[in-house]
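Below is one structure, written out as structure tokens; comments come after it.
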Protein chains: 2
Amino acid sequence: MKKLGKQTIKFDLPPTIVDCASIVGPKEAQGPLHNYFDKTLDDEFWGEKSWEKAESKIIKETVNLAIQKSNIPLSQFDCIFAGDLLNQCISSSFGLRDFNLPFFGVFGACSTFVESLSLGAICIEGFANNVVCTTSSHFCSAEKQFRFPLELGNQRPPTSQWTVTGSGAAVLSKTGNGPFITHITPGKIIDMGIKDGNNMGAAMAPAFTDTLISHFQDTNRNPNYYDVIISGDLGHIGKDIAIDICKAQGYNIKDNYNDCGVLIFDKATQDTHSGGSGCGCCGSVFSGYFFKKLQKKEIKNILLIATGALMNSTSSQQGESIPGIAHAISIEL
Amino acid sequence: MKKLGKQTIKFDLPPTIVDCASIVGPKEAQGPLHNYFDKTLDDEFWGEKSWEKAESKIIKETVNLAIQKSNIPLSQFDCIFAGDLLNQCISSSFGLRDFNLPFFGVFGACSTFVESLSLGAICIEGFANNVVCTTSSHFCSAEKQFRFPLELGNQRPPTSQWTVTGSGAAVLSKTGNGPFITHITPGKIIDMGIKDGNNMGAAMAPAFTDTLISHFQDTNRNPNYYDVIISGDLGHIGKDIAIDICKAQGYNIKDNYNDCGVLIFDKATQDTHSGGSGCGCCGSVFSGYFFKKLQKKEIKNILLIATGALMNSTSSQQGESIPGIAHAISIEL
């Protein structure tokens, strides 16, 4: 692998995404992508006694499914990269404690899925034969932790997003026939001073465009190079802001750009306001939907840019703004 | 780099640790290692309005100092690896948002320092010229978040450890004269069923010995190979347990093994019970103390194994046990 321009890495031996798995909750199962997910749940508990335990079960079973679909024995995996939104990433550590594999915990808020794919890909070209990369989120555990007790039934402002209950997992390997991870562009922390914790799209959009434009500059590519450019979870409002910022910088992304948070819910009927969010949003939409489109050669490449808001409830209470980050990965047949 | 045995990675072109920096709080400044830290603080706030903001300032200034000491211009760094104990790792993301460098957030609880060094080293051999790896912790922000409000003045049981206020940062480079990172052994999640959140040493010791013994098996080395074997923060109780487990498995580590949490405070006078803990413990003790001993060639090699407890307060309230993890790194002249 080698550095390309300021912040992109180009792989000499691009890792293959052998297979992916996705499990989502009941609301996601009612959305437009319901046929694409490997498994959908009837309720938010999945037989567990708490939302946190349910989230751990979701990430565990998603990883199990991805490994099973890959047909690679567990003993041949070198390590797992995982992270989630819960404090101290407990969904990942409890969900994945029985896999008996070297474990790298990562945290990039909702950018975690692409962060884990990026580091997994670096390991594949470096030393590993097979790696699992995964993330999860859960609407109920996230609301409880970041906002209000669900039982209060608080009204949500129109700019707010709906944390996806779900998980995505990808198996990366040194050998295989693609789709290949050809480039990664890890993002910088960008803080434009947004303080509204109910408007994450606005907080994260500048990080998305910063990474996107850096990727274009480093690779000498332009928006038309990609069949689709996909952000993790800017939602409707963040998506519009991102299109505007790109236009102002001379990049027209309107024709082939969309957002996982926009795609996963139906705006007209599902009452999720600005759309989906959470580590599990990008994870499940890529693993469930876009990976299958790549497999079927309905698209030949994708630039996947997961976006994260690197705050917590204490930082907001202390009057801090919301730093954003976005990591990009170029996946090609 | 190549895989060695089951879970160790050996570097073909071992990255150099060019320099390190450490900043610690007032209690750490009164401990036995006070002369080794680059900067010590007079109080826990350092002019900030909250403990969280103080922790962000500590990690920011530690990274600034490490970069300054390395004599490498900021523009020549490829990325930062960082993480901490605060929810959603806000100490790192707020503290490091102004560096304008690609940022990889990592989380391994108190094992984070070695996790970040491990991933940083993989990137150096892979594509990067210069990388910063850092962590922080803060006694007051950690107590507030994980245990009780400090104002309550709760009694602490004898098994409890004292979260270190401090940060360590290391600059890794492709070129340089060492000390070199020659091997890493990333750890698996090990959960032996310990549920006492005030006895982290017991929860983490089995993870430490698992990684340690895996390292010996993978490298065909034995305890005598190293001048010092150092755990991150098992404290007095965890250290004794670790020695016993190793002995039962046929490894005598008693002669050259110690623990950062044991070293940083004076047991007789500082009332920290089982010793220090926190990401900043291993970070500051390695960066402040052991790195300087390597530089002066007072020791020629070290096996540094940072240990983490992958729980949060919700998981303990829900009756869960405490999964442990330990990542090892071999540093040699």
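What follows is calculated from the coordinates using simple rules that are stated; it is not laboratory data. The structure presented is a predicted model; accordingly, all values stated were derived computationally and were not measured. Quick reminder, even Gly has a Cβ in these numbers, built from the backbone with ideal geometry, and neighbours come from all protein chains shown.
The trypsin sites (Lys or Arg not before Pro) of region A:266-333 meeting both criteria, a DSSP state outside H, G, I, E and B (loop) and at most 10 other C-beta atoms within 10 angstrom of the site's C-beta, are A:K296, A:K297. Peptide A:312-324 has a mean shielding of 5, counted as Cβ atoms of other protein chains within 10 Å of each residue's Cβ. Position B:N220: other-copy label points at 4.8 nm, ordered by increasing distance, label point 7 Å along Cα→C-beta. Each copy carries a label point for B:Q295 at 7 Å from Cα along the beta-carbon vector; from one copy to the others these points are 5.4 nm apart, nearest first. Given contacts defined as C-alpha pairs under 8 Å and at least six residues apart, what's the relative contact order of region A:180-332, whole-number percent? Value for region A:180-332: 39 percent. Our helix-only sum for the protein assembly as shown, with -39,500 (n - 2.57) per DSSP H run of n ≥ 4 divided by its residues, gives a mean residue ellipticity at 222 nm of -9500 deg cm²/dmol.
Counting only Cα atoms, chain B measures 52, 48, 36 Å along its principal axes, largest extent leading. Span-like helix check, chain A: qualifying full DSSP H segments, with Cα axial length of 15 Å or more and mean Kyte-Doolittle of 0.0 or more, are A:112-126, A:200-219, A:235-248. Within a straight-line Cα-Cα reach of under 12 Å, B:K174 can be paired with the following aspartates and glutamates, leaving aside sequence neighbours fewer than 8 residues apart in one chain: B:D12, B:D78, B:E125. What FRET efficiency, computed as 1/(1 + (r/R0)^6) with R0 = 45 Å and r the Cβ-Cβ distance, is obtained for A:D196 and B:N222, rounded to the nearest 0.05? Efficiency, rounded to the nearest 0.05: 0.20. Label-point distances for B:P149 to the equivalent site in the other copies, using a point 7 angstrom along Cα→C-beta, read 1.8 nm when ranked shortest first. A Cα-only calculation for region A:123-171 places Rg and Dmax at 16.8, 50 Å.
In the neighborhood of B:G238, defined by Cβ-to-Cβ distances under 11 Å, what is the net charge if each Lys or Arg adds +1 and each Asp or Glu adds -1? For residues surrounding B:G238, the net value is -3. With contacts taken as Cα pairs under 8 Å and at least 6 residues apart, region B:2-173 reaches a relative contact order of 31 percent. Judged by the mean number of other Cβ atoms found within 10 Å, the most tightly packed of the peptides A:194-204, A:24-34 leads the ranking A:194-204, A:24-34. For region A:162-229, what D do you get in µm² per second when you plug the Kirkwood radius from alpha-carbon pairs into Stokes-Einstein at 4 °C and 1.567 mPa s? Rounded, D is 86 µm²/s. Of all lysines in the structure, the ones whose alpha carbon falls short of 16 Å from that of B:K144, not counting any fewer than 8 places away in one chain, are B:K49, B:K53. Global size of region A:75-193: 16.5, 51 Å for Rg and Dmax (C-alpha atoms, Rg to one decimal, Dmax whole). Dividing the radius of gyration of the alpha carbons in region B:1-112 by their Kirkwood radius gives 1.01 for Rg/Rh. Sorted on the mean count of surrounding Cβ atoms within 10 Å across their residues, most packed first, peptides A:310-316, B:51-57 read B:51-57, A:310-316. For the residue pairs B:K69/B:K292; B:K27/B:K267; A:K3/B:K69; B:K60/B:K267; A:K69/B:K188; A:K10/A:K300, the C-alpha atoms sit more than 21 angstrom apart in A:K3/B:K69; B:K60/B:K267; A:K69/B:K188.
Over all Cα atoms in region B:122-262, the spread is summed up by Rg and Dmax: 17.6, 51 Å. Report, as an integer, the average count of C-beta atoms from other chains found within 10 Å of each Cβ along B:227-240. Mean number of neighbouring Cβ atoms from other chains: 0.
Computed with the Debye formula from one identical point scatterer per Cα of the protein assembly as shown, without solvent, the log10 of I(q)/I(0) at q = 0.07 Å⁻¹ comes to -0.38.
Of the GluC sites (Glu not before Pro) found in region B:233-333, the ones in coil according to DSSP and having at most 14 other Cβ atoms within 10 Å of their Cβ are B:E298.
Model label sites at B:N154 and B:K49, defined 7 Å from Cα along the beta-carbon direction, differ in position by 2.8 nm.
What translational diffusion coefficient, to the nearest whole µm²/s, does region B:180-332 have by Stokes-Einstein, given a Kirkwood radius computed over alpha-carbon pairs, a temperature of 4 °C and 1.567 mPa s viscosity? So the translational diffusion coefficient is about 84 µm²/s.
Which shape class applies to region B:82-124: rounded if a/c is under 1.5, otherwise prolate when a/b exceeds b/c and oblate if not, where a ≥ b ≥ c are the square roots of the Cα gyration tensor eigenvalues? Oblate. When the chymotrypsin sites (Phe, Trp or Tyr not before Pro) in region A:104-152 are filtered for DSSP coil states and for at most 12 other beta-carbon atoms within 10 Å of their beta-carbon, no site remains. Shielding by partners for peptide A:189-196, expressed as the average number of C-beta atoms from other protein chains within 10 Å of each residue's C-beta, is 3. Each Cα pair under 8 Å and six or more residues apart adds its sequence gap; the mean of these over the residue count of chain A is a relative contact order of 25 percent.
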